[in-house]
């Protein structure tokens, strides 16, 4: 006898990781993709935007618009999102060191277009810690970076409640040479460090909702069985961390929410 899983309450968001050259050209790409059935946005930013340099800075030479779109001010963000209904959009922004600024620009553009911040949904990567461990696009030392992450999470939990304020990225750790076991260890350590910082910034009754907004971005390497075991282990460890360290008992907030990317894709 076969058993069918319950039908999902809505389809998964479909989006492509995209952004290039100017905000205007990227907007044209996004609108074209949306017209063909894409249901969300995944914004790639260029390296000057990721590290906080203006496009006319001498250190930005050769990098403006190269691996993503260049966004330097609110006008750029308006151009990037022109005629895109942000209250109906789920937007992922792959941005870390300058995540707080980019989310602020996104919110400002939404509000100037008549969309309340509470209606916005999406994700900012905002995992500056993994930048020190594996990728390198940090802009500030670890302590100020941690403060930025924690302040942003504490702000969004009530002000932008449908937003995922951090996407803890174990993916890059394995790309930098970590084993799947090390990937889990560093990702859970990062999550714990972030949650410990946020706990003092929000009321006790709010903290379970903070825990429930944390999401992960994991690697899926070539070791098929080991990678499946890794994901099962991460889910169990996440629930254990929530229950035992943070006193979270609501099943909705204990879910291990993740996306994955494979270097084999």
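Read-outs throughout are calculated quantities, based only on the coordinates presented, and are distinct from any laboratory measurement. A quick note: this is a predicted structure, and the numbers were derived from the prediction, not measured. FYI the Cβ positions are ideal-geometry reconstructions off the backbone, even for glycines, and counts take in every protein chain you see.
Observations, loosely collected:
- Rounded Å value of the spacing that divides the Cα centres of the stretch 74-106 and the stretch 131-202: 20
- Sorted fewest first by neighbouring Cβ atoms within 10 angstrom, 73, 78 come out as 73, 78.
- Simple label model, 7 Å out from Cα along Cβ direction - residue 151 to residue 243, nm: 3.7
- To the nearest ten degrees, helix 180-199 and the longest principal axis of the Cα atoms of the chain are 80 degrees apart.
- Taking 0.36 nm per residue of separation and subtracting the current Cα-Cα distance, fully stretching the chain between residue 20 and residue 158 would add 46.4 nm.
- For the stretch 120-183: rounded, prolate or oblate by the Cα gyration tensor [a/c cutoff 1.5]: oblate
- With neighbour counts taken as other beta-carbon atoms within 10 Å, the residues 202, 43, 67 rank, fewest first, as 67, 202, 43.
- Shape call, the chain: gyration tensor on alpha carbons, a/c limit 1.5: rounded
- Most mobile listed residue (74, 230, 36) in the chain, GNM with C-alpha springs under 10 Å: 36
- Helix content alone sets the calculated 222 nm mean residue ellipticity of the chain: runs of n ≥ 4 DSSP H residues at -39500 (n - 2.57) each, divided across all residues, give -13000 deg cm²/dmol.
- For 21, 92, 121, the sequence from fewest to most other C-beta atoms within 10 Å is 21, 121, 92.
- The value of relative contact order for the chain, using C-alpha pairs under 8 Å at least six residues apart, is 13 percent.
- Shape class of the stretch 126-265 from the alpha-carbon gyration tensor: oblate, with a/c at 1.5 or above and b/c at least as large as a/b.
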